Structures are given as C-alpha cells and as structure tokens.
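Worksheet for the structure shown next.
Read-outs throughout are calculated quantities, based only on the coordinates presented, and are distinct from any laboratory measurement. Since the structure is predicted, the reported quantities are computational estimates derived from the model, not experimental observations. Note that each Cβ is placed from the backbone with ideal geometry, even for glycine, and that neighbours are counted across all protein chains shown.
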Amino acid sequence: LIGVQALGMGLGTLIRRLGAGPDIVTGHDFRSYSLSIKLALVCGLMAAGARVRDVGLALSPMAYFAQFALDTPSVAMVTASHNENGWTGVKMGAARPLTFGPEEMSALKAIVLSGDFDLAGGGSYDFVRDFRATYLDDLTRDKRIARKLKVVAACGNGTAGAFAPEALERIGCEVVPLDVELDHTFPRYNPNPEDMQMLHAIRDKVLETGADVGLGFDGDGDRCGVVDNEGNEIFADKVGVMLARDISSQLPGSTFVVDVKSTGLFNTDSVLRANGAVTDYWKTGHSYIKRRVAELGAVAGFEKSGHFFFNPPIGRGYDDGLVTAIAICQMLDRNPGSSMADLYRALPLTFGTPTMSPHCADDVKYGVVERVVSDFQAMKRDGASFAGQKISDLVTVNGVRVVAEDGTWGLVRASSNKPELVVVVESPVSSERRRQMFDAVDAVLRRSPEVGAYNQTF
C-alpha cells in the first residue's frame, strides 16, 4: 500500500499545481480490498494537503456527480471496473466532468517516480453520509415514465447491484433483478456488458420473463449494455444511433460525438438527417470522447465500448450507465407502440465486421499507420479507385477511416494498449461490399511486412 500512498501524495501535489485547489472527492467499489486501497490513497492525499470528501461505497458516476453536488473540483475513484478480482485502479480528474488524459497522467507519473511531492500538510478528511440517496434522488428526479416496462437489471454481482434496481424502480419500471447481490468473487462472470457471457445471461432472463428490455451494467456502473425484447444483443454504437434519433427528435439540430470505430449510420441515417443532427467522429478512448463532447458542447457522445456521455439537459457530461438506462426507458416511453426490437429493426441494415487486430510490434505500429494514412491521402488526391469506387472522405483524427461513395468504410488505427493494429469495416450496401472494402484495406496493409496475422476475421 506504500505505492498507493505515494500515488495519493502525487495526486494531491498535481491537483494544486493544475490550479484545481486542495478539495477532492473519493469513493470505492465493492471489491474486498478497495476500501484499504482508498484509505492508503487518502493518507497520501492528506499528506499533500488535500481536503478529502469521501462518499464511501460508490459507482464511478456517483463520484463524478459528487464533484458537482459537493462543489469539489477533483475526484479519485478506486475501482477496477469490470476487471477480474485482483485488479485495482484509480479514476482521476481535476476539471469536472473530465478525467485525466495522457498529459495529466504523464505529469502524475513524473511526480511520483521522482518523489517531487509538495507535502504541505493541512489536509483533512470528511465522510459524507447518505450520499447514495442524494445521487439516486438526483438521477431519478422528474424522470418517471408512463409506460409499464418490465426491465431486466443485470449487474454481474458488481457494485451497480446496490444502485441500478432501485433507480429503475423509482422511474416506474417493473424490475427483474439478475445477479444484483454484491459479491466481489464474481461467481458467474465478470460484470462487463461487452462480454458475451453476460449478454447471453441477460438474453435468457429477458426471454424467460417476457421483459421489454434487458440492461446490463459494468462493475463500476459507467456503462450499460442492451438486449432487446426478442433476445438480440444490440451493440453500443447502434444503441447510440437509436438514442440519437430519439434525442434529435426532441432537440433538432443536435450535435453528437462518436468514436471512429462506430457505425457510419450516424452520418447516413435519414432520420438523423431529417432532424438536422450533426455527428463528429473522434478518437477512440473514453477520456478523448468525454473531452470532445465538452469542447463542442455536444448533446451526447457515444463510444463503441458503451461509454455514453450526455450533456444537459440529460446529464452532466460524464459517463453514467444509469443515465443511459433511464434514457433508453424514456425512449421506449416516447414510442408506446414500438418494442425495443421494433426500434432496432427500424435502423437501416448494415453489414459490419468484428474488431480485427493484426499483430504489429509496439515500436513500429504508429509508423505503419502513418504510411497507410499517406497512401490513402495520395489515392484521394489522385482520384484513384479504391474498393471499386472513388474515396469520398478520409477521417484522420485517429488512424484513418476511408469512406467510399456508397458509404462503405474501413478503419485502420494503432491499438492504444497492445502490439497490434485495429481494423473495422462496415457497408450499408451489402456483405459483398464489406468483403471488397476489407480486401482493399488489407492489400494496403500488406505493403508493410511488419503487419502480421489477424486475431480474427469474418
């Protein structure tokens, strides 16, 4: 725990140097050791003069909410989210609703590794009682729905079990609880709504109980996965399109931010176009999307991993799986004649691939991507044919997303945490066009001998 104390001293030092002042919110998830980790962190924070407001057992978004409700600029939330037991981590920020990006993390690392602490003393600790009730009150205020919805609330025995069922009941849902007992051993599966094991458990419970929708929450409650009433798992980018349709019908001309791995429907969907919606494709990574939503004043941001960010009037700009869940219930409430499956079927059909990752060593992967970007830029400049058509658009904020005239697109970017590239392809036209685009993208990649075999294809 000495290392965690050092992290606390570093964080307490950094927030002052960033001009955020000494005040900071802390909270912890339900893992057996998270409270001990948090207390070690608090000791370090106080040594660096921080004034700590501790909200106790919390979801990450509850800690983010506390930054606003307690008027406290900084946050340090002890959680390992959906990771296996044995992991830990701290989600940190000093400018609500943002969390640290690479710049702040590098500064923190430098302070801790060099021991460059400002141990000013004068720190203090205050435990904030009953903050769970304050959070749930805020979350559900004026959100009651008229439609009778039966909702499976699946929590994978993670911390969300102490929050999600009650929040959904408060807005008027009939809740079917699934694995909501808090158990840090995660006896059935890790609480990860991208994990097929969890999604299949939700599907089975939805079909068994005749529920209108199944909602799955990750370990620290900042993401929400969705299964429709027919048992179909709906991937997060398609859920984002459904919500964008609903939101832009209420707020015409809305701006949305999505990551470059997300479906092209955000650009091509006729309903979004009719509602005047504008979409900005941005870098993959929830800290990047959150920051971009704040910069543009977008109504919402949707990341394919399931992190959704809603600005006012829906949320406060941070990712909260319960805000997402309530938004989905409100969408169903506004469409009383349609089931979740009906709303899903109303989306134009697209032909997508899984995320495919060819091996590429860490020390060369960014150089490979730079060459690929240059190749595509040259093709577009020369008006060359690519995958049977001219290139209509190149998005280069994060690798390159090449878009053909018919909306078929392919993405190549470097993985941020593994020695591999990331390749995704989608066509709104046909599976044949999907294959044509993949083969064309792969042919460009094969010009670089450093690119190895894929982990999976389609």
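Annotations
- Karplus 3J(HN,Hα) series, Hz, for the stretch 153-159 with 6.51 cos²θ - 1.76 cosθ + 1.60 (x for Gly, Pro): 10, 10, 10, x, 6, x, 4
- Restricting the calculation to Cα atoms, the chain shows an Rg/Rh of 0.98 when the hydrodynamic-style radius is the Kirkwood one.
- Straight-line reach from residue 150: taking Cα to Cα under 24 Å and skipping same-chain neighbours fewer than 8 places apart, the lysines in range are 205, 238.
- Candidate cross-link partners of residue 38 among the lysines, defined by an alpha-carbon separation under 23 Å and a same-chain spacing of 8 or more, comprise 91, 109.
- Kirkwood Rh, angstrom, the stretch 2-131 [1 / mean 1/r, Cα pairs]: 14.2
- Residues in the stretch 411-443 that a label on residue 361 would reach, taking backbone N under 13 Å of a point 7 Å out along Cα→Cβ: 419-420
- Relative to the 2.2 N^0.38 Å rule of thumb, the stretch 149-197 has a C-alpha radius of gyration ratio of 1.12.
- Fully extending the segment from residue 415 to residue 380 would add 10.1 nm, taking 0.36 nm per residue of separation and subtracting the current Cα-Cα distance.
- Axial C-alpha extent at least 27 Å, average Kyte-Doolittle at least 0.0 - helices from the chain (DSSP): none
- Pairs of alpha carbons in the stretch 250-392 separated by more than 22 Å make up 53% of all such pairs.
- Note that the stretch 344-458 carries a Kirkwood radius of 14.3 Å, evaluated over its alpha carbons pair by pair.
- If you count Lys pairs in the stretch 290-440 whose Cα atoms are under 22 Å apart, skipping same-chain pairs closer than 8 places in sequence, the total is 4.
- Dipole moment magnitude, nearest 20 debye, the stretch 2-131 about Cα centre, only Lys, Arg, Asp, Glu C-beta charged: 40
- Mean Cβ neighbour count within 10 Å, used as a protection proxy, ranking 131-139, 100-108, 402-410, 30-38 highest first: 402-410, 30-38, 131-139, 100-108
- Cα extents of the stretch 142-348 along the three principal axes, largest first (Å): 43, 36, 31
- Centre-to-centre, using Cα atoms only, the stretch 158-198 and the stretch 91-151 are separated by 21 Å.
- Simple Cβ-charge dipole of the chain, Lys/Arg +1 and Asp/Glu -1, about Cα centre, in debye nearest 20: 660
- Sequence ranges 113-119, 174-180, ranked by mean other-Cβ count within 10 angstrom, highest first: 174-180, 113-119
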